[in-house]
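The values are calculated or read from the model by the stated rules, or taken from the named source; none is laboratory data. Everything quoted here is computed from the prediction, not taken from an experiment. Note that we place each Cβ from the backbone using ideal geometry, even for glycine, and neighbour counts take in every protein chain shown.
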């Protein structure tokens, strides 16, 4: 889907993306949107119904959107849940000024699934482990209500990007607790996350979520528990991710190999940066979508 691109165009756009730099600064964010938004195919939304801002809890941020096939409710479609990034302090499930993350929700419906995109409470007002707690509440709502939209509550796949990936990691290892239905997942997808918090840079956006005492961050790491987890995982890092995210992906490789004697379910997304991994889903530039499709097909 999306606008056809020649090999030359792909090279040019890859070079333009690299030219934005690796640091996640406002200019890089704006440039990433400018490079990718025109390639999102508007036809992805054809035949898709969106039930927006459904409450899964009492806070104003406890809302989610459900994407489903129009006129074809059924009850047996896999469910893809998406948790947005934003450095713990910002972000949303959709943006009226861009096609993100409606591109992911509508693309998922085109695969024969139901999609859910959720908001969660933000730092500094809400600190660790509020993100995982909110996922637990959302998953409980999904188990109880997703059949109304054609989804199968026994085939839920939870995904997150950046801070969203860290919230997902916290959730799957039980840091936020589980709801009445337990973990209730078939698999989890971690896109460009940090898992060894003891090795994280001393950034202000981490302090407002993990706490001012950096010595205490080590106890919040999910790396060891992810390696031991009894749940199918799909993990990605982007070619043009910030060095910190690439270093943590390498740590995952080392820890997984040491514990399990095999390479982890980690994929490097060629020609993508920290943001475009999800921005390009449903376009000709998509690297993540095909991996998601295979992962869900294999585990649904």
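Just a few scattered comments:
- Flag for residue 168 being within 15 Å of the chain's Cα centre (by Cα) and outside any helix (DSSP H, G or I): no
- The residues in segment 123-137 that are more than 26 Å from residue 150 (Cα to Cα) and surrounded by fewer than 22 Cβ atoms within 10 Å (Cβ to Cβ) can be counted, and the count is 7.
- Leading residue by the ranking (modelled with the lowest pLDDT) among those in segment 44-74 that are more than 27 Å from residue 133 (Cα to Cα) and surrounded by fewer than 16 Cβ atoms within 10 Å (Cβ to Cβ): 73
- The selection criterion, being more than 19 Å from the chain's Cα centre (by Cα) and either part of a helix (DSSP H, G or I) or more than 26 Å from residue 288 (Cα to Cα) (or both), holds for residue 126.
- Apart from one condition, residue 113 fits all of (1) buried (at least 24 other Cβ atoms within 10 Å of the Cβ); (2) under 30 Å from residue 216 (Cβ atoms); the exception is (2).
- The listed residues are 190, 194, 158, and the only one of them that is within 19 Å of residue 242 (Cα to Cα), at pLDDT 95 or above, in contact with a helix residue (DSSP H, G or I) (Cβ under 6 Å, 6 or more places away or on another chain) and in a strand (DSSP E or B) turns out to be 190.
- The residues of segment 239-259 that are in contact with a helix residue (DSSP H, G or I) (Cβ under 9 Å, 6 or more places away or on another chain) and either in a helix (DSSP H, G or I) or crowded, with 20+ Cβ neighbours inside 10 Å (or both), listed by number, are 240, 241, 244, 247, 248, 251, 252, 255, 256, 258, 259.
- Long-range neighbours under 8 Å by Cβ, at least six apart or interchain, first residue without any contact (Cβ under 8 Å) to a residue 40 or more places away in the chain and at negative phi within segment 227-245, second surrounded by 17 or more Cβ atoms within 10 Å (Cβ to Cβ) and assigned to a loop (DSSP other than H, G, I, E, B): 227/264
- Total residues in segment 264-279, condition touching a strand residue (DSSP E or B) at 6+ places or on another chain (Cβ under 7 Å) and closer than 18 Å to residue 20 by Cβ: 8
- Filter pass, residue 140 being part of a loop (DSSP other than H, G, I, E, B), surrounded by fewer than 24 Cβ atoms within 10 Å (Cβ to Cβ), at pLDDT 95 or above and out of contact with any helix residue (DSSP H, G or I) (no Cβ under 9 Å at 6 or more places or on another chain): no
- Subset of segment 171-182 that is in contact with a helix residue (DSSP H, G or I) (Cβ under 7 Å, 6 or more places away or on another chain) and at negative phi - its residue that is surrounded by the fewest Cβ atoms within 10 Å (Cβ to Cβ): 180
- Pairs meeting the criteria (first residue in segment 45-71 and free of Cβ contacts under 8 Å to residues at least 12 places away in the same chain, second residue surrounded by 18 or more Cβ atoms within 10 Å (Cβ to Cβ) and part of a loop (DSSP other than H, G, I, E, B), beta carbons under 8 Å, at least 6 apart or on different chains) are 55/62.
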